[in-house]
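Chemist: My questions will all concern the structure given below.
The values are calculated or read from the model by the stated rules, or taken from the named source; none is laboratory data. Since this is a predicted model, take the numbers as computed values, not measurements. Cβ atoms come from the backbone with ideal geometry, glycine included; neighbour counts cover every protein chain shown.
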Amino acid sequence: MRSFSHKTPALLVKIILLGALNAFTFWAVPILLSHKTWFFAAYFVISTILIDYVFLNSKRIAGKYIVPGVILLLLFQVYPALFTGYIAFTNYSTGHFLDKESAIEVMVSNSYELVNDDAIYSMQIAKDRLSGEIALIIRDKDGSFLAAKKSGTSKIPTSAITPGSDGKVSAVEGFKLLSDAELMSIIEQFNDFYVPAGGNQFFRVADFNAVEKVQPVLAYDKAKDQITNISTGVTYRPDKNGSMVSADGEEIEPGWTTTVGWRNFTKVATDQRYRGPMGLVLAWTFSYAALVVLSTFFFGLVLALVLNHPRLKLRRVYRSLLIVPYAMPSVLSLLVWAGMFNEEFGVINRMLHTSIPWLSDQWMAKVAVLIVQLWAGTPYMFLISTGAIQALPSEIVEAAAVDGASPQKVFWNIKLPLVLMTLTPLLIASYAYNFSNFGAIYLLTGGGPTIISSGGIAGHTDILISYTYKLAFMSGKGNDYGLASAVSFFNFLLVASISIYSFRKSRTMENMI
Amino acid sequence: MTRKVVLVQQKKMTFGKWLKTMSWRHLVAFITIAFALFPLFWMASASFDPLGIVSSQKLIPDHPGLDNFRTLFNDPDHPYLIWFRNSIVISGVNAILQMFIGATAAYALSRFRFKGRKTTLMTILIIQMFPQLLAATSIFLMLAELGKSIPFLALGNSIALIIVFAGGALGINAWMLKGFYDTIPSEIDESAKIDGASHSQIYFRIILPLARPVLAVIVLLSFIGTMNEFLLTSVILGGKQNSLTLAVGMQQYIDGQYKQHWGPFTAGALIASVPVVILFMFLQKYVVSGLTAGSTKG
């Protein structure tokens, strides 16, 4: 008889974990809010309240087991999925990372220019003796002096100045002039040191001895939602792509993130740079996954039939050795295969005494991918086929034999259909898996050889997922997350259709819920 | 009894009959095994070939030595041992977390009848169709945003990677484990309940111990799965050499450098593969039963 009494340690663990969670939320939420990360702040607060409620309420038993997992699932799987759907309809990409407000701020602040050609003033850097603030002691064009702090400028009476030798001042009342050594230690502070100088003009530190009087050339008019270049008079208006554009089509960097409707999708279907490659990639994705499943299943089943003879000696040893490819870490085995297929010095060409361009010819690269997947995938098919064959109800097979059916007939008409029926869900799952098996492609061929019309992004062995990865993270012209998400979303639709079809077909659902 | 019968039958087989029914089976097995093991052999042979040159490598090196291993361990630009440690830690923590989250949720789904249970099951199933790796882009952007506020959820941090994987745990394991729990007779829990056991005691002291073999398989498969994960790991951990896992580090090490790094690379691949393969061999029986569980149930 077990005793079910000691509750104290469990209670202690519960209190510690809940305490840690609440402490984390109290710490994280203000920081999230200060970064305007509203969604995550709200999510953390709601999740914490929910968990507290569930764990402090003795009636919510099921919730205790399932809520924590669901919270993680929603945040790291559902939200990214939905977010992918959203990004697919935006222009989120290099040059369009900011929201509109910040982008306009950056445009304006990037456009500072000298007010006029000689708007350079000699200057010395000092510290306010009272407040410790940094102050720029600027000699104005008329010979008077200004103290410029980040908050603004003020005149310094001539009486407070002790002139030095080389046109510099040697002391200022109320301020401590800083030596070069002192300046070097605070040098970073001057990267972004602007002092308002009246109107929309600013003093900007040029070096340790000079400031420039600058003003932005671009001015943003909020009411008209347009930017005007003050010196040329050109106006820029927002276009549909999240950029400020002049009538001549001149763009100001950077743009901002905005929704662009179906443009990412239509781009894939109509833009020359994507349409051709996309068609090739799509065709290869479908046929690659199908060929892999068919070939591995065929060989796996044949092997299972051949080796599943009750009187075959060494059967277990054979089985153990055959599944080694399945046990080996796939990333490493793929990289080893890539070395073996190497055209110049790979073992395969050397053994065959050939110089087959395994990885640089589009057809040979496809063959190489399929050979490697045959190697990697057959053990799995062998295992599940063996399992299915051994699970065949022996009565049916024996009954058929008693009725006088030949072994061939028993195999083709009874065994094979039964095996296929049990394995269909696994085969469809395997198809869906191969459909997005990134590593199988990326680690072996890198997707190559390149499809020339794709601008170097897509390759002949790229499947949708590896194409997505390249669009998002590796294209030379910057990363197009919007387009990548559109392709990803499309990939999802395909995989989901396959899976739903499979569940319909195999009807495994009803009796499992 | 049965063994005796088999022995009698085996004695009866003549050499002629063996040649006809068995010999070709052995032949097929030999050929396939040769194909299956060749890459492993080639990798092992390269790792002991001190020349470390891919173009002159022979199946059995003329002067085997450990030079490649020394090179591998002493390359400051490619800290193999640190990658190895990272892989073990990340995969280990993740395997246990994934198992625990899945096992816990599956208990509720199998044993309690609560509002929204069917919806949860269906939702999990549908969500599973959108694997995390398809959302790599948005996970990347999401962590870039979160990392500004919460340092341990920033890109390049392995805790962020582990938590992201933990988010996928429910989708992967809950269904499989629920299926297993359903096979444990509920009379067991009920009699424990009569003895005064609380729900958590039933879970931790009865259900979990009974599910130990399945949980072991899930831990093993998640461990290997995480070791092998490439896409999300490379997106999240990025280019910081010291935070990489073996999968990403070794890929960067060998990518485009087959000529220079082949020897040390194979040495590293050998060290990383052998323990996994051996572990797999030991747990073979359980893994196989886990794989076929799905098919025999439908």
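Chemist: Just to check your reading of the model, which residue among A:Ala429, A:Ala365, A:Ala400 is more than 30 Å from B:Leu134 (Cα to Cα) and in contact (Cβ under 8 Å) with a residue 12 or more places away in the chain?
Modeler: A:Ala400
Chemist: Based on this model, can you work out whether A:Ala126 counts as more than 46 Å from the chain's Cα centre (by Cα) and either surrounded by 14 or more Cβ atoms within 10 Å (Cβ to Cβ) or more than 30 Å from A:Ser246 (Cα to Cα) (or both)?
Modeler: yes
Chemist: Restricting attention to segment A:314-323, does a residue exist that is surrounded by fewer than 17 Cβ atoms within 10 Å (Cβ to Cβ), in a helix (DSSP H, G or I), in the same structural domain as A:Met421 (by TED's automatic domain parsing) and polar (S, T, N, Q)?
Modeler: Yes, the conditions are met somewhere in segment A:314-323.
Chemist: Say we look at segment A:40-66 and pick out the residues that are crowded, with 20+ Cβ neighbours inside 10 Å and of a type in the set (A, V, I, L, M, F, W, C); which of these is nearest to A:Gly482 (Cα to Cα)?
Modeler: A:Phe40
Chemist: Please enumerate the residues belonging to segment B:147-166 that are in contact (Cβ under 8 Å) with a residue 12 or more places away in the chain and either in contact with an Asp or Glu (Cβ under 8 Å, 6 or more places away or on another chain) or of a type outside the set (Ser, Thr, Tyr) (or both). First the steps, then the outcome.
Modeler: Of segment B:147-166, the ones in contact (Cβ under 8 Å) with a residue 12 or more places away in the chain are B:147, B:155-158, B:160-162, B:164-166.
Within segment B:147-166, B:Gly147, B:Leu155, B:Gly156, B:Asn157, B:Ala160, B:Leu161, B:Ile162, B:Val164, B:Phe165, B:Ala166 qualify.
Chemist: While we're on this one: Taking the condition of being in contact with a Leu (Cβ under 8 Å, 6 or more places away or on another chain) and surrounded by 21 or more Cβ atoms within 10 Å (Cβ to Cβ), how many residues in segment A:271-299 meet it? Give the derivation first.
Modeler: At the first step, the residues of segment A:271-299 found to be in contact with a Leu (Cβ under 8 Å, 6 or more places away or on another chain) are A:274, A:281-282, A:285, A:288, A:291-293, A:295-297, A:299.
If we keep only those that are surrounded by 21 or more Cβ atoms within 10 Å (Cβ to Cβ) too, we end up with A:274, A:281, A:285, A:288, A:292-293, A:296-297.
So the count comes out to 8.
Chemist: For segment A:409-454, what are the residues that are of a type in the set (S, T, N, Q), within 14 Å of another protein chain (Cβ to nearest Cβ), assigned to a helix (DSSP H, G or I) and surrounded by 18 or more Cβ atoms within 10 Å (Cβ to Cβ)?
Modeler: If the condition is that a residue be of a type in the set (S, T, N, Q), within 14 Å of another protein chain (Cβ to nearest Cβ), assigned to a helix (DSSP H, G or I) and surrounded by 18 or more Cβ atoms within 10 Å (Cβ to Cβ), then A:Thr422, A:Ser430, A:Asn434 are the ones that fit.
Chemist: Further question on the same structure: Tally up the residues in segment A:482-505 that are hydroxyl-bearing (Ser, Thr, Tyr) and modelled with pLDDT of 85 or more, please.
Modeler: Matching residues across segment A:482-505 total 2.
Chemist: Here is a list: A:Lys100, A:Lys64, A:Lys127. Which entry is at pLDDT 80 or above and either assigned by TED's automatic domain parsing to the domain that holds A:Phe490 or out of contact with any strand residue (DSSP E or B) (no Cβ under 7 Å at 6 or more places or on another chain) (or both)?
Modeler: A:Lys64
Chemist: What residue, among those in segment B:102-153 that are aromatic (Phe, Trp, Tyr) and over 30 Å from B:Glu187 (Cβ atoms), is farthest from the other protein chains (Cβ to nearest Cβ)?
Modeler: Applying the filter and picking the extreme gives B:Phe152.
Chemist: Does segment A:307-320 include one or more residues that are at pLDDT 85 or above, polar (S, T, N, Q) and either touching a His at 6+ places or on another chain (Cβ under 9 Å) or farther than 17 Å from A:Ile389 by Cα (or both)?
Modeler: yes
Chemist: Could you please find all residues in segment B:18-35 being more than 10 Å from every other protein chain (Cβ to nearest Cβ) and of a type in the set (Lys, Arg)?
Modeler: The answer is B:Lys20, and nothing else.
Chemist: Scan segment B:225-234 and tell me whether some residue there is surrounded by fewer than 20 Cβ atoms within 10 Å (Cβ to Cβ) and more than 10 Å from every other protein chain (Cβ to nearest Cβ).
Modeler: No.
Residue-by-condition table, conditions (1) at the interface with another protein chain (Cβ under 10 Å from one of its Cβ atoms); (2) outside any helix (DSSP H, G or I); (3) modelled with pLDDT under 85; (4) surrounded by 20 or more Cβ atoms within 10 Å (Cβ to Cβ):
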| position | (1), (2), (3), (4) |
| --- | --- |
| A:Asn349 | no, no, yes, no |
| A:Thr354 | no, yes, yes, no |
| A:Met364 | no, no, no, no |
| A:Ser385 | yes, no, no, yes |
